[in-house]
Amino acid sequence: MITVRELTRSFGDFTAVRNLTFEIPKGQICALLGPNGAGKSTTLNMLSGLLAPSSGTALVDGIDVRTDTVSLRNRIGVVPEKLGLFDELTVMEHLILAGRVYGLASTETSRRAEQLARVLDLEHSIAKPAIRCSHGTRKKTALAMALLPNPAVLLLDEPFEGVDPVTLNIIESLLEKAAAGGAAVFLTSHMLPVIQRLTERIMIMRRGEIVWNSERDWRTEQPLDQIYFEIIEPRAIEELDWLG
């Protein structure tokens, strides 16, 4: 579903993503981990057609992200870093807009929108403009828009950030259901316990490069947080002798 070869993105003299090569098959949930500034969001932005690669290739559901962004966006569901909501549109208007963009019939759009609003506990905010919604509600709205067309590929930037524990559990179940139906799910997150129980595959980025890629069931090895901190090398805090 996702095939990446030597994918690179530079901003002037700074290379944010360098020579990424990986594949994510149909039906797999894969997490891309790493510290802030590692290049995770830049990677997702290239795969979703929001940012052109400087070099290399990427195919998402067989579509070249460099040359056919219109077809690409009809095949993917995206939660971008900044969510991409319109301040004055209500939650329901966002969902109806998503259905129109993806070419769903109005009756089917309404049916799916009402179901997603119920499942994600958006009903109390359904008529509220996005600008007046909490961050968690905005995040759930963006996720509902991504799920509404039942896409072949889901590209999700921090889908668990800012939501309550019950909603988090619901989102996990929704992503598992999407993957069971054949979707490839590629997400970023800092929530290691969630990733530990949800994902089949993990990649860790540091300074724009993938430094760890689990090609097999990593859960039979050591705990994820131990793997992560060994790779990322957490900074020592002993020098703060005045704290505590």
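The values are calculated or read from the model by the stated rules, or taken from the named source; none is laboratory data. Nothing here was measured: the structure is a model prediction, and the numbers come from that model. Here the Cβ is made from the backbone with ideal geometry for all residues, glycine too, and neighbour counts use every protein chain on show.
Only one of the numbered conditions (1) closer than 18 Å to Q28 by Cα; (2) not in a strand (DSSP E or B); (3) not basic (K, R) is not met by W242, and that is (1). Given the structure, is E108 in a helix (DSSP H, G or I), closer than 18 Å to K26 by Cα and among the charged types (D, E, K, R)? Answer is no for this residue. Filtering segment 13-25 to residues that are out of contact with any helix residue (DSSP H, G or I) (no Cβ under 9 Å at 6 or more places or on another chain), of a type outside the set (V, I, T) and touching a residue at least 24 places away in the same chain (Cβ under 8 Å) leaves R18, N19, F22, P25. Taking the criterion of being among the β-branched types (V, I, T) and crowded, with 23+ Cβ neighbours inside 10 Å, the residues of segment 138-165 that qualify are T141, V153. For segment 183-230, the tally of residues that are surrounded by 14 or more Cβ atoms within 10 Å (Cβ to Cβ), out of contact with any Leu (no Cβ under 6 Å at 6 or more places or on another chain), modelled with pLDDT under 90 and not aromatic (F, W, Y) stands at 4.
Every listed requirement among (1) over 17 Å from the mean Cα position of the chain (by Cα); (2) surrounded by fewer than 16 Cβ atoms within 10 Å (Cβ to Cβ); (3) in contact (Cβ under 8 Å) with a residue 40 or more places away in the chain is met by Y102 save one, (2). Across segment 1-15, the number of residues qualifying as among the hydrophobic types (A, V, I, L, M, F, W, C) and touching a Ser or Thr at 6+ places or on another chain (Cβ under 8 Å) comes to 2. Among the residues making up segment 33-58, those that are outside any loop (DSSP other than H, G, I, E, B) and crowded, with 18+ Cβ neighbours inside 10 Å are L33, K40, S41, T42, T43, L44, N45, M46, L47, G56, A58. In segment 168-184, the residues that are in contact (Cβ under 8 Å) with a residue 60 or more places away in the chain form Cβ pairs under 7 Å with partners that are among the basic types (K, R), at six or more places apart or across chains, as follows: G182/K26; A184/K26.
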